[in-house]
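Before any comments, here is the structure.
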Amino acid sequence: LAVAFGLPCCNAFVNVSTKHSFVSHNSVPLRKSTIVPTVTLSSTTFPSGSKNLSGSTQANNDSSEVIESPPLENDANRRDFLRKSITTGFTIAGAVSTTAFPSSLVPIATAADEEVSTTSTSSQSPVIIIGANGRTGTECVKYLASSGMPVVATSRSGTYNALEEVSSTLPPSSTLLREAACDVTKPETLTSTIQGSKAVIFAASASKAGGTAAAVDNTGLVNVAKACIECNVPRLVIVSSGGVSKPDSPVYLFLNIFGNIMEEKIRGEDAVREMYKSLPSGKNGLSYTVVRPGGLTTDPPRGVAAVELNQGDTKSGRISRADVAAICVECLSSDAAAGTTFECYDADTAAPLASVGMSNIMKAKTREAFVSGKERRGETWGALFSGLEKDV
């Protein structure tokens, strides 16, 4: 289902044996939260309630390790740039396309078209991952840490499940990674974790243990957005879902069976857009980005050149969770991506929203041209985001 329809990033929503159920990615109860000030650890600032790799609560200068993931193809230059400058269809009778897609119809930006952020925040400030124990959330953690950027992996319990696995490849003296407790359904747990961060990536979604779609994907997202605005976090990135704004589409109708997930996601999206449209005085430098992935896979990342962005929610396809994570992290350094909503998928899997579910099930490649006129391609991340239309 994640491949076919772009299920929300954290959880599986169907027990494929006999019955429907939400599957939790973390069933450990939330520990008691304490609101505490921020302290500086060596050269990296983290909330003082976060934990180091040994599991002890962070209170003074100490060391920890960083997650490492296999590097993407291009990228000493990308990592160096980010380290220095990061800122803030399913249809039962759906037809699978049959004609070659003319790539010349999709504008492919070059390095000359790249837009680079001019907003500056401390490179010592971490990026907060909400829902780090989900499969897309943990890919975000890996991507950040492997790029040399401080990251706080949050969960309801405060435990990052992949900590031991991914930290074993890293130097013991690294202080890039911390874990912290954060429950989006309990606003009082958010501020102490989010305070002082350069960005927040919201990769949480409904689960049996974590809460309903209404509590997490809608109200929970709004709670996080309010905390980001209150704490002056420069960028909030939201992992949503393709097809979420098209209630008559087969993708929406099918996925919405599971706890009204699509209905609650679009309500959460709309609420965030409205909040950022009318920011209080002195908050005008804050922004958001909504990322709507297609069908999610666990394939290796293909990189920026394979990705297509679209706006208008008229087409989708398949994309690896690792590439979604890359998009979420890379858009943090792009002013062009601020205040935008876009879909993302591998360009060679693109299909109209009406037939993309069947196309994804069949693992079909694009064969029939469907051009919305709002596609974006690029050989670099900056070029990919260049030209995106701002939300009204």
Note to self: Based on alpha-carbon centroids, what's the gap between the stretch 367-392 and the stretch 297-333 in Å, whole number please?
What the structure shows: 12 Å
Next item on the list: Using the structure shown, list the pairs from Lys265/Lys374; Lys186/Lys265; Lys198/Lys374 with a Cα-Cα distance above 21 Å, or answer none.
Entry: Lys265/Lys374; Lys198/Lys374
Notebook entry, point to check: Packing-wise, with mean Cβ within 10 Å as the measure, how do 140-151, 381-392 rank, highest first?
Noted result: 140-151, 381-392
Checklist line | 3J(HN,Hα) from dihedral phi, the stretch 367-378, Karplus parametrisation 6.51/-1.76/1.60, rounded to Hz, x for glycine, proline | finding: 10, 10, 6, 9, 10, 7, x, 10, 6, 9, 10, x
Next item on the list: Can you send over the carbon and sulfur percentage of the accessible area for the stretch 254-392, probe radius 1.4 Å, protein chains only?
Entry: 53 percent
Notebook entry, point to check: What does the accessible area per residue of the stretch 127-385 come to in Å², with a 1.4 Å probe and no ligands, DNA or RNA counted?
Noted result: 29 Å²
Next item on the list: Using a/c under 1.5 as the rounded threshold, could you call the stretch 242-340 rounded, prolate or oblate? The axes a ≥ b ≥ c are square roots of the C-alpha gyration tensor eigenvalues, and prolate needs a/b larger than b/c, oblate otherwise.
Entry: oblate
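The values are calculated or read from the model by the stated rules, or taken from the named source; none is laboratory data. Just so it is clear, the model here is predicted, and its values are computed rather than measured. Neighbour counts run over all protein chains shown; Cβ positions are idealised from the backbone, glycine included. Each accessible area value is taken on the protein alone, full model and side chains, heavy atoms only, with ligands, DNA and RNA left out. Shrake-Rupley method; radii C 1.70, N 1.55, O 1.52, S 1.80 Å.
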